[in-house]
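Heads up, the thing below is written out as structure tokens.
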Amino acid sequence: MQSFKSRKAFTLIELLVVIAIIAILAAILFPVFARARENARKASCMSNMKQIGLGIMQYTQDYDERFPQRYYGDAGVRQQANTWRRNIFPYVKSTQLFSCPSNTNNTIVADDSTPANLAAAGLPADSPIFYRSYAINGANTFGGTPPSEYIVGASLSQIPMTSETILVAEHSQGRAYTGDMANDTSWGDPAYVFKGHLNFCNFLFCDGHVKAMKPLATATPKNLWSGEDDGAITTNPALLRINYWQGLVDKS
């Protein structure tokens, strides 16, 4: 007489248990993977900013220890294609350094790279194209006298605490179109700092080091935007516009 072997199969309860275990593991591991991916992007962004910092330091060595101006022009005409990014490009030689992998602005062409502004500045149409991930601290790069729009970069001697003064930061969106952060809320559409690295933002300081911080930590208990040795809101005319930006940090 022929015997049949019994067939073993998962019961419904067993299948449900397996599915539940998979769901629990996914819920645990997916955030871990996402955090690891974002930490890698943050590290890439920090590397970009360190290279930008080296470029700026090389620029200061060639230009009497002055930082690059945020943008400049002549006879009252703002040539928005002539910005700090374009000034340091010969030293960094890569437009990709100006693009943070986590920032959605990394695909938005900055105003210093539009065809109209390139033409207005007399620059070739095939000039390097920059994006909006990073902005320079406008307080460190302000000093023109009307009607001239030639904006002079601050000198190292004007900034007593270079290791505690922000030079370049990530911005989220808004009016940092020429790559500066000297924005006033009355202008509308302010450029808040970018908090996409797990609520942290990368900051390049005037001595060249890069640090990830929460935005509010840059304004309290000490103002790291002012360039003043006591961290107070600045009254130095060469650094005055940072008062605007600190106000925006406080709201972020």
Any residue at all in the range 11-25 that's loosely packed, with under 11 Cβ neighbours inside 10 Å, hydroxyl-bearing (S, T, Y) and either without any contact (Cβ under 8 Å) to a residue 12 or more places away in the chain or under 21 Å from S127 (Cβ atoms) (or both)?
yes
In the range 66-91, which residues are modelled with pLDDT of 75 or more and charged (D, E, K, R)?
R66, R85, R86
Among all residue pairs at least 6 apart or on different chains, which show Cβ distances below 6 Å where the first residue, located in the range 187-214, is at negative phi and buried (at least 24 other Cβ atoms within 10 Å of the Cβ) and the second is among the small types (G, A, S) and at pLDDT 90 or above?
N202/A212; L204/G53
State whether one or more residues within the range 145-167 are modelled with pLDDT under 75, of a type outside the set (S, T, N, Q), crowded, with 21+ Cβ neighbours inside 10 Å and under 20 Å from the mean Cα position of the chain (by Cα).
yes
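The values are calculated or read from the model by the stated rules, or taken from the named source; none is laboratory data. Only a predicted model underlies this, so the values are computations on that prediction, with no experimental measurement involved. A quick note on method: Cβ atoms are made from the backbone with ideal geometry, for glycine too, and the neighbour counts reach across all protein chains shown.
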